[in-house]
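Asks: Quick one: the structure is below, questions incoming.
The values are calculated or read from the model by the stated rules, or taken from the named source; none is laboratory data. As the structure is a computational prediction, the values presented were derived from the model and not from experiment. Backbone-built Cβ (ideal geometry, glycine too); neighbour counts: all protein chains shown. Note: accessible area is taken over every heavy atom of the protein model, side chains too, but ligands, DNA and RNA are not part of it. Shrake-Rupley method; radii C 1.70, N 1.55, O 1.52, S 1.80 Å.
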Amino acid sequence: METKLTGQEIRETFAQYFKKSGHEKVASSSLIPHNDKTLLFCNAGMNQFKDYFTGKSTPSNRRAVSIQKCVRAGGKHNDLENVGHTSRHHTFFEMLGNFSFGDYFKEDAIKFAWEFLTVELKIPKDLLYVTVHHSDDEARKIWNEKIGLPLERIFTKGDKDNFWEMGEFGPCGPCSEIFFDHGEQYTDKELVRIDPNDLLEDEKRYIEIWNLVFMQFEKTPEGRFSLPKPSIDTGAGLERVAAALQGCYNNYNTDIFTSIMKKIEDLSGKKYLAADGSELPHTAAFRVVADHIRSATMLITDGVIPSNEGRGYVLRRIIRRAIKYLNELGVKEISFYKLIPAVFESLGKEYPQNANNAELATKLLELEEKKFRETLENGLKFLHEAIAKEVKDKILAGSAAFKLYDTYGFPVDLTQMFLEDLGLKLDHGGFEKAMQEQKEMSRKSWKGAMDNSDKVFHAIKEKHGATNFVGYENYKAHVKLVAIEAFGDQKALVFDATPFYGEGGGQVGDIGVVMSGKNIIAHIDDTQKPVDGLFVHLSSDADALIVGETYTLAVDEHTRKLTMRNHSATHLLQAALIKVLGPHVKQAGSLVTPEKLRFDFTHLQALTKEEIQQVEDLVNAEIQKGMDVASNVMNMEEATKLGAMALFGEKYGNEVRVLTMGEFSRELCGGTHVHNTGEIGLITILSEASLATGVRRIEATTSETAIHYLSHRSHLLKKVEMIFNDKEDKALAKIEILLRDMKEKQKEIESLKDKIQASESKELFSVVEKIGGIDVAIIEAPTDSDLRKLSDLFISKFQNGAVVLYNKNGSILVRASKGVSKLNAGEVLKEILTVVNGKGGGKPDLAQGSGEAALISKIKAHAHAILTSKLG
């Protein structure tokens, strides 16, 4: 059976089928879960609908269909190690899903799935089998009596196979899975059956293509509870469905991967498969690279930046695993990023926002590969040395793997792959012990428990509805107080409407007062939105307020206007950065307060002074034009066509607010803004710095705060002019001359100090002794001497030597000549530091650290014993 639908055609057919049945097409959410601390990445279609299943939120349509991008590469759901070595494991995949939020239940869900597979996709019925939970007689009867599936094609399973949970906590329920028979030729001949009558134990031949979850429960730290309304969550893996339709046993052989495989062939000069379609020795490497470029590209274009913790660390692991396999394919040049266009040949139409961020992925992947390849050669050299010294019973010491991780950037699974290639294993326990107090790099740094503190606010919203925000045009409003809740030391006030902006999109919440008549009866210290659409006003003096009464809410107009100016300036700043630096610039975070703005953005190196000035000048020019600022609400598709910029990785509804500033800036934004750019006054950039690899941060301020800042600087300049009795440029010229003279004098002083130190070193180095043929000295140096320069003098004099230098301040330096191969300065220092409670590190030939000055007297004897044991 072959129905040659492409991956894109399957997506479109699926969405259209369910739209005809009253389902609303909901765009995929970001791979970064929205307001969910329990998940590392979005790993299922239902993630974005979690609150609908629990009853915390009410959907506009109780039927939905989506094509969700997913990543399983960390935490409980982790397919990373299996990728490339099986036919259907992926780190990135797409989940086709239809959902019912308290609308239809089991019978309709089963009918929809069966009709889509057998009628729309024309899959022969005799190739499909199903499972149900052993307790779910209802589902079993529907399959048998309503669908007409013979009982011998329906199999019952236990919790392990047929009870679905999203994570440690969250919605869950029994499920029914649909399996596709790939044919007798794929029978697992080595299978040892537990139940001779259960065909589906053969997981090589019978492949699950669709899971229908009957969402009946919610699991919380307190236990498992029935959901208020039974719901449906289904998920069909696009790659598996495509394999079934296209007559491919292996997902990687479908058209979804064709363009990527062709590009890898171009880069490597190798073929993905043999001419007869059979696998080659390097086929698995092709599949790993193809999978990893999809996940890396989609993660970066959704806002994940490679780093050494959390999501960024998982991404870095994926990238480095791919580079390892590219190396095996003979690709030695920096090339991983060249696969990005092939990724979007398949994914670009369904995920246009990711495709729009392709340039950022290109720059970051190129940088990541460059950095890793620089350390790869040295890391492999160290690994081979460690294997020669630290392998016992074919197991590499965990401490060696930790050094590979800590010094050379090798994720432990990468080290393990290299070891497996050599028939060796890794001491994982030793590795974990060596990690000690290091931050855990993946799942545990993101392990969370469901935050139940917002349940009370969900209940308030369910009872009273969303807050009507009237603050775009009003600073005051007459409103009704609908709820008061304790919130730490404060009271949380909820009104039916509000002019107060709730913190979001980087903009801080409004402050102000609550009035009864002309009297102020409470102060609002902050405004938050713990639940989407619900504005919560925090107050420390709200004891006099009564639920059900009407009050006047008044925003502090002055601070709001300052905040609005900074927020609008942030939009202009982003547009200017894109014009000056390029389209790879994406917002990676922001903070807008009355005092200043902070803007984080993707860029690979520090801005030059000229670039900073160019950006500032561009923004000020747009401010001076006095452009009108317009806001329009439209659907996401219209906004995308207009070229509106979306916040990196943000979740948007079907309707969005587009903020336009002339032809210069167009962004999606729900914040408060000026009506005309002229209201901003001016902007001045305060600082530009690195936040993380590939992410920069600019801080700036506008309007009266900028004027005060510049006025203060002007005052300081006047004082400098008075001191030097000259104006502006001439005063600066005098300062430059003064600094130049000081530098020259400092050089003379340093030269004299070096001569004195060289003279003193003759006496210091008189204590040199021979240990194992090596010239060794352990010297307490004067506190004002430069230990590094002293070590240079020692090495120049003793070219086959090693020296330990320390002083009464607690500074310690270990140095060894390049020829002293059996001594590692870093390891020697580490042992010395144990007696002085110190910290430090370095390379095999030079290491520095410091310890407690009171214990410094212990160093000489301890260092001598260490050097004797290593060199003697």
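Asks: When Q216 is evaluated against the numbered criteria (1) at pLDDT below 95; (2) open to solvent by less than 10 Å² (accessible area, probe 1.4 Å); (3) in a strand (DSSP E or B), which criterion, by number, is the only one it fails?
Replies: Failing condition for Q216: (2).
Asks: Please name all residue pairs, on different chains or six or more residues apart, with Cβ atoms under 9 Å, provided the first residue is in region 101-114 and is under 11 Å from T234 (Cβ atoms) and the second residue is assigned to a loop (DSSP other than H, G, I, E, B) and among the hydrophobic types (A, V, I, L, M, F, W, C).
Replies: Every condition considered, the pairs that remain are I110/I147.
Asks: Also, quick follow-up: If you go through region 286-317 one residue at a time, how many are of a type in the set (G, A, S) and open to solvent by 10 Å² or more (accessible area, probe 1.4 Å)?
Replies: Final tally of qualifying residues: 2.
Asks: Search region 324-344 for residues that are within 24 Å of D255 (Cα to Cα) and pair each with any residue that is acidic (D, E) and surrounded by 20 or more Cβ atoms within 10 Å (Cβ to Cβ) when their beta-carbon atoms are under 6 Å apart and the residues are at least 6 apart or on different chains.
Replies: Final answer for the pair search is F336/E369.
Asks: Follow-up. Please count how many residues of region 296-307 are in contact with a Lys or Arg (Cβ under 9 Å, 6 or more places away or on another chain) and either among the aromatic types (F, W, Y) or assigned to a helix (DSSP H, G or I) (or both).
Replies: 2
Asks: Looking at (1) assigned to a helix (DSSP H, G or I); (2) open to solvent by less than 20 Å² (accessible area, probe 1.4 Å), find the lone condition where V331 falls short.
Replies: So V331 meets the others, but not (1).
Asks: To continue, here is another question. Consider G504 against the criteria (1) in contact with a Lys or Arg (Cβ under 6 Å, 6 or more places away or on another chain); (2) touching a residue at least 40 places away in the same chain (Cβ under 8 Å); (3) over 30 Å from G662 (Cα atoms): it satisfies all of them except one. Which criterion is unmet?
Replies: That leaves (3) as the condition not met.
Asks: Follow-up. In region 111-135, what count of residues is obtained for those that are open to solvent by 10 Å² or more (accessible area, probe 1.4 Å) and assigned to a loop (DSSP other than H, G, I, E, B)?
Replies: Adding up the residues that qualify gives 4.
Asks: In region 402-426, which residues are small (G, A, S) and within 21 Å of L315 (Cβ to Cβ)?
Replies: Across region 402-426, the qualifying residue is only G409.
Asks: Against the definition (surrounded by 23 or more Cβ atoms within 10 Å (Cβ to Cβ) and either without any contact (Cβ under 8 Å) to a residue 40 or more places away in the chain or among the charged types (D, E, K, R) (or both)), how does R373 come out, yes or no?
Replies: No; evaluated as a whole, the condition is false for this residue.
Yes or no, residue by residue, for (1) farther than 22 Å from V331 by Cα; (2) surrounded by 24 or more Cβ atoms within 10 Å (Cβ to Cβ):
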| residue | (1), (2) |
| --- | --- |
| G247 | yes, no |
| Y252 | no, yes |
| D266 | no, no |
| G277 | yes, no |
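Asks: The conditions are (1) in contact (Cβ under 8 Å) with a residue 40 or more places away in the chain; (2) under 13 Å from E688 (Cβ atoms); (3) among the polar types (S, T, N, Q), and Q605 fails exactly one of them. Which is it?
Replies: Q605 satisfies all of (1) in contact (Cβ under 8 Å) with a residue 40 or more places away in the chain; (2) under 13 Å from E688 (Cβ atoms); (3) among the polar types (S, T, N, Q) except (1).
Asks: Another one. Mind counting the residues in region 82-94 that are in contact with a helix residue (DSSP H, G or I) (Cβ under 7 Å, 6 or more places away or on another chain) and either β-branched (V, I, T) or surrounded by fewer than 23 Cβ atoms within 10 Å (Cβ to Cβ) (or both)?
Replies: 7
Asks: Would you call K734 in contact with a helix residue (DSSP H, G or I) (Cβ under 8 Å, 6 or more places away or on another chain), modelled with pLDDT of 85 or more and part of a helix (DSSP H, G or I)?
Replies: Values: in contact with a helix residue (DSSP H, G or I) (Cβ under 8 Å, 6 or more places away or on another chain): yes; modelled with pLDDT of 85 or more: no; part of a helix (DSSP H, G or I): yes.
So K734 fails the test.
Asks: What single numbered condition from (1) over 30 Å from L424 (Cβ atoms); (2) in contact with a Lys or Arg (Cβ under 6 Å, 6 or more places away or on another chain); (3) open to solvent by 10 Å² or more (accessible area, probe 1.4 Å) fails to hold for L339?
Replies: (3)
Asks: Name the single residue, out of those in region 158-177 being touching a Leu at 6+ places or on another chain (Cβ under 8 Å) and open to solvent by 10 Å² or more (accessible area, probe 1.4 Å), that is farthest from L200 (Cα to Cα).
Replies: In this case the residue turns out to be G167.
Asks: If I filter region 566-573 for residues that are modelled with pLDDT of 95 or more, over 37 Å from the mean Cα position of the chain (by Cα) and buried (at least 22 other Cβ atoms within 10 Å of the Cβ), do I get at least one hit?
Replies: no
Asks: Also, I was wondering about something else. State all residues of region 600-652 that are surrounded by 15 or more Cβ atoms within 10 Å (Cβ to Cβ), part of a strand (DSSP E or B) and charged (D, E, K, R); if no residue qualifies, say none.
Replies: Within region 600-652, just D600 meets the criteria.
Asks: Only one of these conditions is not met by G348: (1) under 25 Å from E309 (Cβ atoms); (2) open to solvent by less than 30 Å² (accessible area, probe 1.4 Å); (3) free of Cβ contacts under 8 Å to residues at least 12 places away in the same chain. Which number is it?
Replies: Result: G348 fails condition (1) only.
Asks: Scan region 318-327 and give yes if some residue there is surrounded by fewer than 15 Cβ atoms within 10 Å (Cβ to Cβ), modelled with pLDDT of 90 or more and at negative phi, otherwise no.
Replies: Within region 318-327, one or more residues are surrounded by fewer than 15 Cβ atoms within 10 Å (Cβ to Cβ), modelled with pLDDT of 90 or more and at negative phi.
Asks: Do you know which residues across region 581-599 are within 30 Å of T362 (Cα to Cα) and crowded, with 19+ Cβ neighbours inside 10 Å? Lay out the reasoning, then the answer.
Replies: Of region 581-599, the ones within 30 Å of T362 (Cα to Cα) are 581-592, 597-599.
L581, H584, V585, K586, Q587, A588, S590, V592, L597, R598, F599 - these are the residues of region 581-599 that are within 30 Å of T362 (Cα to Cα) and crowded, with 19+ Cβ neighbours inside 10 Å.
Yes/no matrix, rows are residues, columns are (1) open to solvent by 80 Å² or more (accessible area, probe 1.4 Å); (2) assigned to a loop (DSSP other than H, G, I, E, B); (3) touching a Leu at 6+ places or on another chain (Cβ under 9 Å); (4) among the aromatic types (F, W, Y):
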{"residue": "G671", "(1), (2), (3), (4)": "no, yes, yes, no"}
{"residue": "S687", "(1), (2), (3), (4)": "no, no, no, no"}
{"residue": "R697", "(1), (2), (3), (4)": "no, no, yes, no"}
{"residue": "H712", "(1), (2), (3), (4)": "yes, no, no, no"}
{"residue": "K718", "(1), (2), (3), (4)": "yes, no, no, no"}
{"residue": "R740", "(1), (2), (3), (4)": "yes, no, no, no"}
{"residue": "I749", "(1), (2), (3), (4)": "yes, no, no, no"}
{"residue": "L764", "(1), (2), (3), (4)": "no, no, yes, no"}
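Asks: Moving on. For region 546-562, give me the residue count where each residue is over 13 Å from G517 (Cα atoms) and touching a Leu at 6+ places or on another chain (Cβ under 9 Å).
Replies: Of the residues in that region, 3 qualify.
Asks: Out of the residues in region 139-150 meeting the condition of being part of a helix (DSSP H, G or I) and in contact with a strand residue (DSSP E or B) (Cβ under 9 Å, 6 or more places away or on another chain), tell me which one is surrounded by the most Cβ atoms within 10 Å (Cβ to Cβ).
Replies: A139
Asks: Determine, yes or no, whether T660 is more than 24 Å from T297 (Cα to Cα), open to solvent by less than 60 Å² (accessible area, probe 1.4 Å) and of a type in the set (S, T, Y).
Replies: When the stated conditions are applied, T660 passes them.
Asks: Find the strands (runs of 3 or more DSSP E) located wholly in region 151-207 whose residues include 3 or more that are within 15 Å of T131 (Cα to Cα), and list them.
Replies: Hits in region 151-207: 154-157, 170-181.
Asks: When you go through K561, K491 one by one, which is the residue that is within 20 Å of F469 (Cβ to Cβ), open to solvent by 50 Å² or more (accessible area, probe 1.4 Å) and among the charged types (D, E, K, R)?
Replies: It is K561.
Asks: Of the residues D541, D526, which single one is in contact with a Leu (Cβ under 6 Å, 6 or more places away or on another chain) and open to solvent by 30 Å² or more (accessible area, probe 1.4 Å)? Explain how you work it out, then say what you get.
Replies: Working: D541 fails: in contact with a Leu (Cβ under 6 Å, 6 or more places away or on another chain).
Among D541, D526, only D526 is in contact with a Leu (Cβ under 6 Å, 6 or more places away or on another chain) and open to solvent by 30 Å² or more (accessible area, probe 1.4 Å).
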